[in-house]
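Student: Okay, here's the structure, questions in a sec.
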Amino acid sequence: MMIKARKLFKEISDLPTIPAIVSKVISLLDNHDADPDDIADMILSDQVLAARVIRVVNSPLYRSSSEISSVKRALLYLGFKSVREMILTSYFIEGFKQKEQPFDIKTFWMHSFSVGAISRRIATMVGYEDVEKAYLVGIIHDIGKVFLGHYCREEYGRMLAGINNTSYTTYEAEYEFFGTTHSEVGLCLAQRWNFPASYCDVISYHHASEMATEDPLLTAIVSLADFFCLSHVTAGSLAQASIPGMSEENAWKVLKQLSKKPIAPGLESFLSDMFDTYEDVSREVDLLFNSLIT
Ligand SMILES: [Fe+2]
Ligand SMILES: [Fe+2]
């Protein structure tokens, strides 16, 4: 499957890129001793990014009591990690916005944001040390679908139409149609963008969590968040999943083994507990989505 994915990749000359400013801002934000002035200057050097930071900090999502009009104040108010999240997610959306898709891109991003938000929730429940990371990688776990949808548009559209109202998942159908799936294609993209190894692992194995080696707990978190969102929330034209498969069963085992806090005894009760918090998550996703997309 990986060979097929690489072959697909090789044939494409206009691969999406991440602007250099984004990599710079992210590495600066990772350094906790970094001076907020340096980071503000860096953000200000990209007007689109600066405007976006101001817009998001003033959106209902962050409920600031008074209007925040400077990048430096926005950074202090939101905190480094939230700004890192925001920059990454908005550039992903931006980078793929112009690319025509055979599916509804809004549904795709709503699924991605939901998986990010649920991953963060699960990460908190199990005491995973970096909940922001769980959120970020949750958002980008399906990035390979955007690639396949754009660069193999007609075929991907035919494939989706063919599995509509069937029990086939997009993962299974992709394998039959393309001999590879969004997981391998997503991995090629993540490697091209020099993502950290744990991100690559989640993108590559969120449908085969038993294969994860870098950070099995992180992959398990995203795998279950994805399953939850597909089966309870955004099931529809993009993918279907209702019965836990081997990947989810394994993810659940890993979660139980590695959780630092007590969790529900069975997967079903765990997922139904998640459902209770879904309304909050869904409100949060709506707000973030609207403040980034408009
Ligand atoms: Fe997926
Ligand atoms: Fe997904």
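The values are calculated or read from the model by the stated rules, or taken from the named source; none is laboratory data. The model shown is predicted, which means the values in this text are computed figures rather than measured ones. Because the Cβ atoms are built from the backbone with ideal geometry, glycine has one as well, and the counts that use them run over all protein chains shown.
Student: Looking only at the range 107-149, which residues are of a type in the set (D, E, K, R) and either in contact (Cβ under 8 Å) with a residue 60 or more places away in the chain or not in a helix (DSSP H, G or I) (or both)?
Tutor: Start the filter on the range 107-149 by keeping residues that are of a type in the set (D, E, K, R), which leaves 120-121, 129-130, 132-133, 142, 145.
Those that are of a type in the set (D, E, K, R) and either in contact (Cβ under 8 Å) with a residue 60 or more places away in the chain or not in a helix (DSSP H, G or I) (or both): 121, 129, 130, 133, 142, 145.
Student: Looking only at residues in the range 38-77 that are within 22 Å of residue 286 (Cβ to Cβ) and touching a residue at least 24 places away in the same chain (Cβ under 8 Å), which one is surrounded by the most Cβ atoms within 10 Å (Cβ to Cβ)?
Tutor: Ranking the candidates gives 53 first.
Student: Could you grab the pairs with beta carbons closer than 6 Å, sequence gap of 6+ or different chains, first residue in the range 150-169 and in the same structural domain as residue 186 (by TED's automatic domain parsing), second one among the aliphatic types (A, V, I, L, M)?
Tutor: Listed by first residue and then by second, the contacts come to 151/12; 156/148; 159/173; 163/173; 169/239; 169/241.
Student: Looking at this structure, is residue 82 assigned to a loop (DSSP other than H, G, I, E, B) and among the hydroxyl-bearing types (Ser, Thr, Tyr)? Step through it out loud before you land on a result.
Tutor: Working: assigned to a loop (DSSP other than H, G, I, E, B): no; among the hydroxyl-bearing types (Ser, Thr, Tyr): yes.
Here the answer is no, as residue 82 does not meet what is asked.
Student: Being among the polar types (S, T, N, Q) and within 30 Å of residue 258 (Cβ to Cβ) is true for just one of 112, 66. Which residue is that? Walk me through how you get there before you give the answer.
Tutor: On the way: 66 fails: within 30 Å of residue 258 (Cβ to Cβ).
112 is the lone residue from the list that is among the polar types (S, T, N, Q) and within 30 Å of residue 258 (Cβ to Cβ).
Student: Of (1) in contact with a Leu (Cβ under 9 Å, 6 or more places away or on another chain); (2) of a type in the set (D, E, K, R); (3) more than 12 Å from ligand 1 (Cβ to nearest atom), residue 154 satisfies all except one. Which?
Tutor: If we test residue 154 against (1) in contact with a Leu (Cβ under 9 Å, 6 or more places away or on another chain); (2) of a type in the set (D, E, K, R); (3) more than 12 Å from ligand 1 (Cβ to nearest atom), just (1) comes out false.
Student: If you don't mind, there's one more thing I want to ask. Return the residues of the range 171-199 that are within 16 Å of ligand 2 (Cβ to nearest atom), without any contact (Cβ under 8 Å) to a residue 24 or more places away in the chain and hydrophobic (A, V, I, L, M, F, W, C); say none if nothing qualifies. Quick ask: steps written out before the conclusion?
Tutor: So the first thing to find is which residues in the range 171-199 are within 16 Å of ligand 2 (Cβ to nearest atom), and the list is 171-175, 181-187, 189-190, 199.
Narrowing the set further to residues that are without any contact (Cβ under 8 Å) to a residue 24 or more places away in the chain leaves 172-173.
Result: 173, single match.
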